[in-house]
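Here the structure is laid out as structure tokens; the discussion comes afterwards.
The values are calculated or read from the model by the stated rules, or taken from the named source; none is laboratory data. Owing to the predicted nature of the structure, the values given are computational and were not obtained by experimental measurement. Note that each Cβ is placed from the backbone with ideal geometry, even for glycine, and that neighbours are counted across all protein chains shown.
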Amino acid sequence: MNARPKREVVVPGDLLDDKGLRPGSGTYVLDGKVYSSLLGVKNIRSNYVNVIPLSGRYLPQTADTVVGKIIDIGPSNWLVDINAPYPAPLHVNEVPWRVEFGDTARFLRVGDVIMAKILMMDETNKIQVTMNDSGMRKLQGGHVIEISYSKVPRVIGKGGSMIQMIKSMTDCRIFVGQNGVIWIEGELENVLVAAKAIQMIDEEAQSSNLTERVKEYMEKALPASEQADIQE
Amino acid sequence: MDSDIVMVDDKGKRLDGRTADELRPMKIEAGVLSNADGSAYLEIGKNKVLAAVYGPRECHPRHLQNPTRAIVQCKYNMQSYSVGDRKRPGPDRRSVEISKIISEALEAVIQVELFPRASIDVYIEILQANAGTRCAGLTAASVALADAGIPMRDLVPSVAVGKANGHLLLDLNKEEDNYGEADLPLAIVPKTNEVVLLQMDGHMTREEFGTAMEMGVKACHEIYEMQKDALRRRYSTEADEQEVEE
């Protein structure tokens, strides 16, 4: 899209810098030199060398918005699967409802999908999530797809341009979690088109002109009646 | 062991036509399985090995968790059809040992302290065996780990050096292994030349051991280049295809 420097794929152990740049994420230092610890793309930003991962598990950051699925219920908490290496408990104090002890299953059941925020992730990697924040809620109906978390910024696009385009063209409601889990709701045909478009972004995230090609794909794939609606 | 097979002829060629310090033809491909977090397929000579990586993920059973770092759990498994006579399936003394040493070799490079209480699971399947499968398995596993996006200090190439008919030979094949005098599998961290796996069976003199180590380390660096190439290829082909499209 914008003029980027040539992307350089690095593998673990590759030398990134030995001239005083500071080590950023996905790197480590040995004998004063910065090496990559990940398979990813080298990126230099304000004196820091980073490696942007091409794959890997989602590691939660405090205040991330994620889409998760309830996998277990306790008397005073739920366990949410957010695709992280660790279980993410949701305590009854962190939901917008008043829940009696032992009454948790009345509010969220196993299999329900929720939007939640990472309340904190401490240094021992213990996670807590909360729904006490604006926009956090139980997602009813809809479809859930998963992509690699490192492609989320691409799906959202610059200032939300990509996701806005997909939403308006397919007339779907879409929530993208930072963990790479995406919830889509709308007419089944349109949902399928949106899901396919997002998968396309996931697979081809590295290429330029992606927005154009996703648009082209959706124009072809959407039923003609929708097209008319959009043009109006 | 004495046998009348000539392991190295007077031209210095081996049974399969290689010279003493030549690797078997090798092929590595990263990202071959879609359900695992990372994977790699490797062929070296007649060996065929598949490695799959899951995690980091919550460690079960809980008592194995380490509150300060992740643990690496490797399972090395030979398929029953991987050898000439059908191998009885399931873990045996040998595969449990190999699983353990490969886990420890990988733990030396993975940044395990980033994922306390988690487990990184590595599954190595030997589809076809022709001597040197533990080295092939470890080489494939380290590519699969990188493909899974797991932070690690370096890749781990591995190779065996052996002795047959009094000659030191790199990367033994089945015949050389069975009728030879010694076998020395080793794995290194190429950046520092640290040794992370070293075993030996049979006999070698001290001088031979030194030479064998040198041959092995040199070959590991060759394999290292192939590992890096396999990982780069996985993503550069994608980019190339897209350029053609545009």
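General observations
- Residue check for residue B:96: outside any loop (DSSP other than H, G, I, E, B) and surrounded by fewer than 16 Cβ atoms within 10 Å (Cβ to Cβ): yes
- Unmet requirement for residue A:38, which otherwise passes all of (1) of a type in the set (A, V, I, L, M, F, W, C); (2) more than 8 Å from chain B (Cβ to nearest Cβ); (3) buried (at least 19 other Cβ atoms within 10 Å of the Cβ); (4) part of a loop (DSSP other than H, G, I, E, B): (2)
- Subset of the range B:99-129 (residues that are buried (at least 24 other Cβ atoms within 10 Å of the Cβ), assigned to a helix (DSSP H, G or I) and away from chain A (no Cβ under 14 Å)): B:102, B:105
- Looking across B:80, B:103, B:99, one residue alone is hydroxyl-bearing (Ser, Thr, Tyr) and touching a Phe, Trp or Tyr at 6+ places or on another chain (Cβ under 6 Å). It is B:99.
- Taken over the range B:149-171, the criterion of being of a type in the set (A, V, I, L, M, F, W, C) and farther than 15 Å from residue B:107 by Cβ is satisfied by B:159, B:160, B:161, B:164, B:168, B:169, B:170.
- Qualifying residue in the range B:214-236 (condition: within 14 Å of another protein chain (Cβ to nearest Cβ), without any contact (Cβ under 8 Å) to a residue 60 or more places away in the chain, of a type in the set (Gly, Ala, Ser) and farther than 30 Å from residue B:12 by Cβ): yes
- If you go through the range B:37-59 and keep only what is within 11 Å of chain A (Cβ to nearest Cβ) and assigned to a loop (DSSP other than H, G, I, E, B), you end up with B:37, B:59.
- Among the conditions (1) in contact with a Phe, Trp or Tyr (Cβ under 9 Å, 6 or more places away or on another chain); (2) within 14 Å of another protein chain (Cβ to nearest Cβ); (3) surrounded by fewer than 19 Cβ atoms within 10 Å (Cβ to Cβ), residue A:12 misses just one, which is (3).
- Condition met for residue A:188 (within 12 Å of chain B (Cβ to nearest Cβ) and hydrophobic (A, V, I, L, M, F, W, C)): no
- Residue A:32 passes every criterion in (1) modelled with pLDDT under 95; (2) within 10 Å of another protein chain (Cβ to nearest Cβ) apart from (2).
- Exactly one residue out of B:51, B:36 is buried (at least 16 other Cβ atoms within 10 Å of the Cβ) and over 13 Å from the mean Cα position of the chain (by Cα): that is B:36.
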